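A.B. asks: Next up is a structure, given as structure tokens.
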Amino acid sequence: MNNKEIMEKISELEQQIAELKEAAQKQDEPKAWKPDVEEDYWYISEHMTATDTEFSEDNFDNRLIRVNNCFRTKERADEVAKKIRMLLKLERYRDMFCPDYVPDWEDGNQHKYCVYYGMLGDRWHYNEINFLRDAVQVYFDSEETAQKVCDLLNGEGEENDSNES
């Protein structure tokens, strides 16, 4: 083998090493779980309840996976369903009490209020937020509105299943 052939061989090997490193890196990246064909999984039904089915890779199953509605266990599906039900309830209260309100995130002086469940005291509270925009938070137009929503949620007692989330 002459020097040119040796250099070409080294170049080929370096390319193969780079490809192997890339493949190894991709294997280490976390991937969303997807059931195997005929494996049971759980999803959240249109009734917002955990429902199980067997994966068959049909359009129904693939749609659920595409919208991230696929869970390994009933407990995990129940947990997410409770969160979704609470988000929908908060959105309904927002539409009832301040239907035209749109937070202006460019205006740091505009008061925005969100409600949250405080584990200490096991009650709903509100907080003023001016700069922190949470993708899944519902914002209300005033302190009075936020307090009214907290009062409603705190008055629901056992009917309010979000306390378990």
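The values are calculated or read from the model by the stated rules, or taken from the named source; none is laboratory data. Model, not experiment: these values are computed from the prediction. Note that we place each Cβ from the backbone using ideal geometry, even for glycine, and neighbour counts take in every protein chain shown. In case anyone asks, the SASA skips ligands and DNA or RNA and just uses the protein heavy atoms, side chains included. Shrake-Rupley method; radii C 1.70, N 1.55, O 1.52, S 1.80 Å.
A.B. asks: Within the range 126-156, which residues are of a type in the set (Phe, Trp, Tyr), open to solvent by 90 Å² or more (accessible area, probe 1.4 Å) and within 16 Å of residue 88 (Cα to Cα)?
C.D. replies: None; the set is empty.
A.B. asks: Return yes when residue 164 is of a type in the set (D, E, K, R) and either over 22 Å from the mean Cα position of the chain (by Cα) or modelled with pLDDT of 95 or more (or both) and no when it is not.
C.D. replies: Answer is no for this residue.
A.B. asks: So which of 65, 84, 44 ends up being surrounded by 12 or more Cβ atoms within 10 Å (Cβ to Cβ) and touching a helix residue (DSSP H, G or I) at 6+ places or on another chain (Cβ under 8 Å)?
C.D. replies: 44
A.B. asks: Which of the residues belonging to the range 98-125 are in a strand (DSSP E or B) and open to solvent by 60 Å² or more (accessible area, probe 1.4 Å)?
C.D. replies: 116, 123, 125
A.B. asks: Right, another one. If you scan the range 135-161, which residues turn out to be modelled with pLDDT under 80 and either part of a loop (DSSP other than H, G, I, E, B) or in contact with a Leu (Cβ under 7 Å, 6 or more places away or on another chain) (or both)?
C.D. replies: 135, 160
A.B. asks: State which residue is most open to solvent (accessible area, probe 1.4 Å) when the search covers only the range 25-41 and only residues that are at pLDDT below 90 and hydrophobic (A, V, I, L, M, F, W, C).
C.D. replies: Per the criteria, the residue is 32.
A.B. asks: Condition first: farther than 14 Å from residue 148 by Cα and in contact with a Phe, Trp or Tyr (Cβ under 9 Å, 6 or more places away or on another chain). Now tell me which residues in the range 83-101 satisfy that.
C.D. replies: Of everything in the range 83-101, those that are farther than 14 Å from residue 148 by Cα and in contact with a Phe, Trp or Tyr (Cβ under 9 Å, 6 or more places away or on another chain) turn out to be 86, 101.
A.B. asks: Identify, by number, the condition in (1) surrounded by 12 or more Cβ atoms within 10 Å (Cβ to Cβ); (2) in a helix (DSSP H, G or I); (3) of a type in the set (Asp, Glu) that residue 19 doesn't meet.
C.D. replies: Going through the list (1) surrounded by 12 or more Cβ atoms within 10 Å (Cβ to Cβ); (2) in a helix (DSSP H, G or I); (3) of a type in the set (Asp, Glu), residue 19 breaks only (1).
A.B. asks: Cβ-Cβ under 6 Å, sequence separation 6+ or interchain: first residue in the range 139-155 and without any contact (Cβ under 8 Å) to a residue 60 or more places away in the chain and within 10 Å of residue 115 (Cβ to Cβ), partner in a helix (DSSP H, G or I) and among the small types (Gly, Ala, Ser). Which pairs?
C.D. replies: From residues that are without any contact (Cβ under 8 Å) to a residue 60 or more places away in the chain and within 10 Å of residue 115 (Cβ to Cβ), the pairs are 140/146.
A.B. asks: Then there is this: When the residues of the range 33-77 are filtered to those that are charged (D, E, K, R) and part of a loop (DSSP other than H, G, I, E, B), which remaining residue is farthest from the chain's Cα centre (by Cα)? Working first, answer last.
C.D. replies: At the first step, the residues of the range 33-77 found to be charged (D, E, K, R) are 34, 36, 38-40, 46, 52, 54, 57-58, 61, 63, 66, 72, 74-76.
Add one more test, that the residue is part of a loop (DSSP other than H, G, I, E, B), and what stays is 34, 36, 38-39, 46, 57-58, 72.
Details: 34: 17, 36: 23, 38: 26, 39: 24, 46: 17, 57: 23, 58: 24, 72: 16 Å.
Step by step, filter the range 33-77, then rank; the result is 38.
A.B. asks: Sticking with this structure for a sec: Residues to consider are 7, 86; find the one that is under 14 Å from the mean Cα position of the chain (by Cα) and either more than 23 Å from residue 136 (Cα to Cα) or assigned to a helix (DSSP H, G or I) (or both).
C.D. replies: Selected residue: 86, the only one of 7, 86 that is under 14 Å from the mean Cα position of the chain (by Cα) and either more than 23 Å from residue 136 (Cα to Cα) or assigned to a helix (DSSP H, G or I) (or both).
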